[in-house]
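Single-structure report; data block below.
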Amino acid sequence: MEVSTMVTIGILVVLVLYVIVIYNNLVGLKHAVSQAWSNIDVLLKQRHDELPKLVETCKQYMQHEKDTLERVMKARAAVASARESQDVGGLGQAEGMLRLGLGNLFAVAEAYPDLKANESFRHLQTRITGLENDIADRREFYNASVNANNVRIEQFPDLLVARPLGFKGAELLEFDAAEISDVNLGGLFNSSQA
């Protein structure tokens, strides 16, 4: 064998190995995004199961707050629908509505001392607040995984492997602006006493 043939074969072997390494890294990133989504999904399901208990507990005390309770349940249904269809954009909007509704519910609950003293309510409030914090942590991890995946499939030379093999970018989980803004507690208390 000639030296030029050996050099050509060597270069081809190195290129094939390099493509294999890139491919394996892209697969790892894709699965990291899936795993991060699954972690969020578990917490969303747990919170989904707790919300009806919270609403039922509140109904016993909050006769005049039917709209607040209905908004929470509608938002819960929207989150469930987006979660089941894995609609990340829809989930972000539904999460914003749900978080705003829960913020309103907990704020309005302040006007009901018997409800605040109810052990079941306190337990559910603590549980749901804990789940909210866990969801926020997992959302941060999910978005970091999505970002790593998306950057990698757009970088050269990885894009030369990613595009022909059908690797796609994932969508960040961003919550609606209403979720990020503070709840107007003063307005809530004034309207609940009217």
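Worth pointing out:
- Charge dipole magnitude, Cβ of K and R +1, D and E -1 - the chain, Cα centre, debye nearest 20: 280
- Surrounding net charge for Asn24, when Lys and Arg each add one and Asp and Glu each subtract one, Cβ distance under 13 Å: +1
- Packing-based exposure ordering (other Cβ within 10 Å, fewest first) of His48, His64: His64, His48
- Pairs from Lys45/Lys66; Lys53/Lys116; Lys45/Lys74 whose Cα-Cα separation, in the structure shown, is over 21 Å: Lys45/Lys66
- Rounded to 0.05, the FRET efficiency of the Val27 and Val3 pair, given R0 = 45 Å and the Cβ-Cβ distance, is 0.80.
- Kyte-Doolittle mean at least 0.0, axial Cα span of 15 Å or more - DSSP H helices of the chain: 3-59, 88-109
- With the Kirkwood sum run over all distinct C-alpha pairs, the chain has a hydrodynamic radius of 19.6 Å.
- Percentage, to the nearest whole number, of Cα pairs in the stretch 84-180 over 16 Å apart: 68
- Fewest-first sequence of Leu160, Leu131, Leu51, Leu172 by Cβ atoms within 10 Å of each Cβ: Leu160, Leu172, Leu131, Leu51
- Relative contact order (%) - criterion: Cα under 8 Å, at least six apart; region: the stretch 39-183: 33
- With the simple model of a label 7 Å out from the Cα in the direction of the Cβ, Ala77 to Asn147 spans 3.6 nm.
None of the figures in this text is laboratory data; all of them are computed from the coordinates on show. On a predicted model such as this, the values are computed, not experimentally measured, just so you know. With ideal geometry, Cβ positions are generated from the backbone for all residues, glycine too; neighbour counts draw on all protein chains shown.
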